[in-house]
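The values are calculated or read from the model by the stated rules, or taken from the named source; none is laboratory data. From a predicted model like this one, the values you see are computed outputs, not experimental measurements. Virtual Cβ from ideal backbone geometry, glycine too; neighbours counted across all protein chains shown.
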Amino acid sequence: MSQDQDTSKVSDGAEPQPDSPRSAADAPVSSDNILDDRGRRTFLKRAALGGGGALLGGVGAYGFVKSELKGSPVSDYPRIDEAVFKPKDQRDTVLTFIHSKALNEKHPERNIQYNQLQHKDFNFVTGFAEMYSLPWDNSKPGYTQLDRALQMAGWEPLVVAGSRYVANLQPNTPLHAWDQSAVVEERYQFESEKNATDAFKSAARLFGAVKCGIAKRDKRWDYDPLYDIENNRELSWENDFPFVPKTVIVMLVPMDYDAMATAPAWTADGTAADGYTKSSVLANQMAKFIQGLGYHAVGSGNDLGSSVPYGIMAGLGEGGRNGALLSPGIGPRHRICKVYTDIDFVEYDQPHSWGITDFCKSCGKCAEACPPGAIPMMESENGGYGFEPNYEFSDEPGYTWNNHHGIQKFYSDAKKCYNFWVENGSACGACIASCTFNEPDMWHHVFIMGITPKTPGPLHALMAELHPKFGYGHTGDSRKAEKFWTTGEGMRTNTEMKNNIGTSNKS
Amino acid sequence: MELMQWFFMGVLFTVGVFGMAYLSLLVKLKWYTWASLVTGIALILFGIGWAGASFLEGVPQSGAMALMFFCGGGLILMLLTWRYLVVPEFEQAGG
C-alpha cells in the first residue's frame with residue numbers, strides 16, 4: 001500500500017484504545033470503527049463546517065437578492081429629445097378623445113385615417129358604449145354573465161361616487177376633487193424630512209398601497225393644458241388648479257394575479273376595474289390625510305399627469321415594452337394613483353434600475369400576446385425602443401397623435417388597443433398577464449427578479465423563452481377563467497395568507 | 001403547506017450535510033469532486049424548493065419543469081460524479 005493510499009482513508013488510525021472506558025452509546029456503529037470517539041468528533045466538525053458554510057452561502061445569496069431588489073439609482077432618466085419634446089395636451093390622449101364628442105367633431109380626420117389604414121369601420125366615440133353592451137355567452141368561460149357582473153361590480157363604487165371617468169383622465173371628479181376647503185388651518189410640523197416621508201408612506205400602506213414613492217412635481221409629465229371632458233373646457237394649471245404642486249406621491253395598488261391571468265377575458269377587467277376603484281379611494285384618502293395636516297392636496301388617477309414617468313421618477317419601477325410601469329415583484333399588475341401636494345419637506349425618491357427595460361429589449365412576450373398587435377414587436381426598428389413611435393403606420397402624418405413624442409421609451413398604438421377592447425367587450429390586459437415580470441408572490445420569482453440585473457443580455461432572451469415553457473404568461477386560455485372562479489375556495493380560513501400583493505395562491 | 005416545504009427542505013439539507021461529512025471520513029476526494037457533489041445537492045434542493053412553490057401557487061407545469069431540469073440535472077451531476085470521480089477514489093484507497 002502506497003503512502004497515498006494510506007492517507008486516503010481518513011478513519012485509519014482512529015482505533016479505540018483497548019483499555020479506555022466506553023459506554024454503550026459510545027460503541028462503534030460500524031465494523032470499520034468509523035464513528036469511534038475521534039472519528040465522531042471529526043464527523044461532527046466537518047458537518048458543522050459544511051453546514052455552516054452552506055448556511056453562510058445561503059445568507060449571502062439572500063442578502064444579494066434583497067440588495068438587488070432595491071435597484072441601482074440611475075441618473076440618466078429621462079432621456080429626452082428636446083427638439084421634439086413638449087408637454088402633452090390631455091385632449092391628445094386616446095382615453096380622453098374617445099369620451100369627448102366635441103373632440104371627435106373637431107378631429108374627424110383621426111377616425112377616418114384610422115379606419116383607412118386599418119381597414120376598419122370603427123367609431124372611437126360610440127365604441128365605448130358598444131363595448132359594455134356586447135352580450136354574454138354562458139358557454140364561453142371568461143365571457144359569461146358571471147364575468148360581466150364581476151366587471152360591472154368592480155367599477156360600481158366609482159360610478160356611485162360620480163368618479164367613473166377618472167380612468168379616462170377626467171380631472172376634478174368627486175373622489176379627486178380640487179376643492180381645498182378641507183385643508184386644516186394649523187400645519188403639522190414634522191421633525192424631519194424622513195419623519196414626514198415615513199408618515200406618508202405608512203398612511204399609504206394602511207390605505208392599500210403595495211408600493212409608494214415620492215417624486216418632485218415635474219411639469220414634463222403633467223398634461224398641459226388639462227381638459228374637462230364632461231364640460232368640454234380647457235383647464236390651466238396656473239388659473240384653475242387650486243395651488244402650485246411641488247410634490248407627487250405615487251402609489252401602486254395590486255391587481256389579482258388569477259383574474260388578470262384570464263386576459264383578454266372579461267374576468268381580467270374585473271380586477272382592472274377593482275384596481276381603479278381601490279386606487280381612486282386610496283388617492284382620495286391620502287389627499288384627505290394630507291389636507292388634515294394643513295397642506296394642499298389633490299388625488300389623481302390617470303388624470304392630471306402621466307402616471308408611468310411619475311412612477312419611474314418615484315423609484316417604483318421602469319418603463320416596459322407594453323408601456324406600463326414594471327415594478328419588481330409585481331411587474332405591470334397594478335394600478336397607479338397619485339397625490340399632488342404642496343408639501344416639499346420630504347425625502348424624494350429617485351429613479352432606479354433593475355435591468356427591466358433592458359430585459360424588455362430582449363423579451364417581447366407582451367407584443368406577441370397583444371391581440372391587435374398594438375405593441376411594437378422585437379423585429380421593429382431598434383426593437384421598438386426610441387425617441388419616436390416606430391410601430392405600423394407611425395410614419396403616416398398625424399397618425400401618432402396620441403403618443404408623447406421625444407422621450408426614449410417603447411411606444412405602442414393605443415388606438416388599436418382600444419379598438420380591440422370594443423371588439424372584445426372589455427378592456428384586455430393580455431400585455432399584463434403575459435409579462436415576464438408578472439408573477440405570483442412566491443420565493444422563486446423574487447429570486448429570479450433579484451438576479452435579473454446581473455444576468456447578461458443574451459440570457460434575458462432565454463429567460464423570456466423559458467417563462468411560457470414553465471407555464472406562466474399564457475393568455476387567451478379559457479381554463480384560466482374556470483380556475484379563477486375556484487380561487488375563493490378555502491377563503492374562510494385563508495391559511496396561506498397570500499393575498500398581500502394580489503395573489504390568491506389558490507388557483 | 002409552504003412552511004412544511006421549508007421544513008422538508010431543512011431536513012434534506014441536514015441529511016445532505018451529514019452525508020457529505022460522512023463521505024469525507026470514508027475517502028479523500030479532490031476539490032472539484034466536492035464542488036461537483038455540492039452543486040448537485042444544491043441543484044436538487046433548489047429544484048425541490050422551486051417545485052414546491054410552483055405547486056403551491058397553482059402552476060404545476062413550472063413544478064414539473066423544475067423537477068426535470070434542476071433536480072434531474074442535480075441528480076445526473078451527482079451520479080456522474082459518483083461514478084467517475086468518487087468510486088475510483090474508493091478503489092484507489094483499496095476499497
Just checking, which of A:Asp224, A:Asp228 is within 30 Å of A:Glu82 (Cα to Cα), surrounded by fewer than 17 Cβ atoms within 10 Å (Cβ to Cβ) and among the acidic types (Asp, Glu)? A:Asp228
Do the conditions hold for A:Gly270, that is, is it in contact with a helix residue (DSSP H, G or I) (Cβ under 6 Å, 6 or more places away or on another chain), touching a residue at least 12 places away in the same chain (Cβ under 8 Å), closer than 30 Å to A:Cys370 by Cβ and not in a loop (DSSP other than H, G, I, E, B)? yes
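Let's see how each residue does on (1) of a type in the set (A, V, I, L, M, F, W, C); (2) crowded, with 24+ Cβ neighbours inside 10 Å; (3) within 30 Å of A:Asn382 (Cα to Cα); (4) in contact with a strand residue (DSSP E or B) (Cβ under 6 Å, 6 or more places away or on another chain):
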residue	(1), (2), (3), (4)
A:Met251	yes, yes, no, yes
A:Ala259	yes, yes, no, no
A:Ala263	yes, yes, yes, no
A:Ala273	yes, yes, no, no
A:Lys278	no, no, no, yes
A:Leu316	yes, yes, yes, yes
A:Gly320	no, yes, yes, yes
A:Ala324	yes, yes, yes, no
Does segment A:437-459 hold any residues that are away from chain B (no Cβ under 13 Å) and buried (at least 20 other Cβ atoms within 10 Å of the Cβ), and which are they? A:Phe437, A:Met449, A:Gly450, A:Thr452
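May I ask you to say which residue of B:Phe55, B:Phe8 is farther than 30 Å from A:Gly39 by Cβ and at pLDDT below 95?
B:Phe55 is the lone residue from the list that is farther than 30 Å from A:Gly39 by Cβ and at pLDDT below 95.
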Report, by residue number, each residue of segment A:285-301 that is polar (S, T, N, Q) and crowded, with 24+ Cβ neighbours inside 10 Å. A:Ser300
Out of everything in segment B:53-63 that is touching a Phe, Trp or Tyr at 6+ places or on another chain (Cβ under 8 Å) and without any contact (Cβ under 8 Å) to a residue 12 or more places away in the chain, what residue ends up being nearest to the other protein chains (Cβ to nearest Cβ)? B:Gln61
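Determine if segment A:75-83 includes at least one residue that is more than 14 Å from chain B (Cβ to nearest Cβ), modelled with pLDDT under 50 and surrounded by 12 or more Cβ atoms within 10 Å (Cβ to Cβ).
no
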Members of segment A:26-50 found to be among the polar types (S, T, N, Q) and modelled with pLDDT under 80, listed by number: A:Ser30, A:Ser31, A:Asn33
For segment A:399-425, name all the residues that are of a type in the set (A, V, I, L, M) and touching a strand residue (DSSP E or B) at 6+ places or on another chain (Cβ under 7 Å). A:Ile407
Given (1) in contact with a Gly (Cβ under 9 Å, 6 or more places away or on another chain); (2) among the hydrophobic types (A, V, I, L, M, F, W, C); (3) closer than 30 Å to A:Ser75 by Cα; (4) part of a helix (DSSP H, G or I), A:Leu316 misses just (4)
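Kindly establish whether A:Leu462 is over 20 Å from A:Ser327 (Cα atoms), more than 12 Å from chain B (Cβ to nearest Cβ), part of a helix (DSSP H, G or I) and modelled with pLDDT of 85 or more.
Working: over 20 Å from A:Ser327 (Cα atoms): yes; more than 12 Å from chain B (Cβ to nearest Cβ): yes; part of a helix (DSSP H, G or I): yes; modelled with pLDDT of 85 or more: yes.
So A:Leu462 passes the test.
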Residues that are out of contact with any Cys (no Cβ under 7 Å at 6 or more places or on another chain) and buried (at least 18 other Cβ atoms within 10 Å of the Cβ): which helices (runs of 4 or more DSSP H) entirely in chain B hold 2 or more of them? B:2-26, B:31-57, B:60-66, B:72-81
Of residues in segment B:9-52 being touching a residue at least 40 places away in the same chain (Cβ under 8 Å) and either among the β-branched types (Val, Ile, Thr) or in contact with a Gly (Cβ under 8 Å, 6 or more places away or on another chain) (or both), the one nearest to the other protein chains (Cβ to nearest Cβ): B:Val27
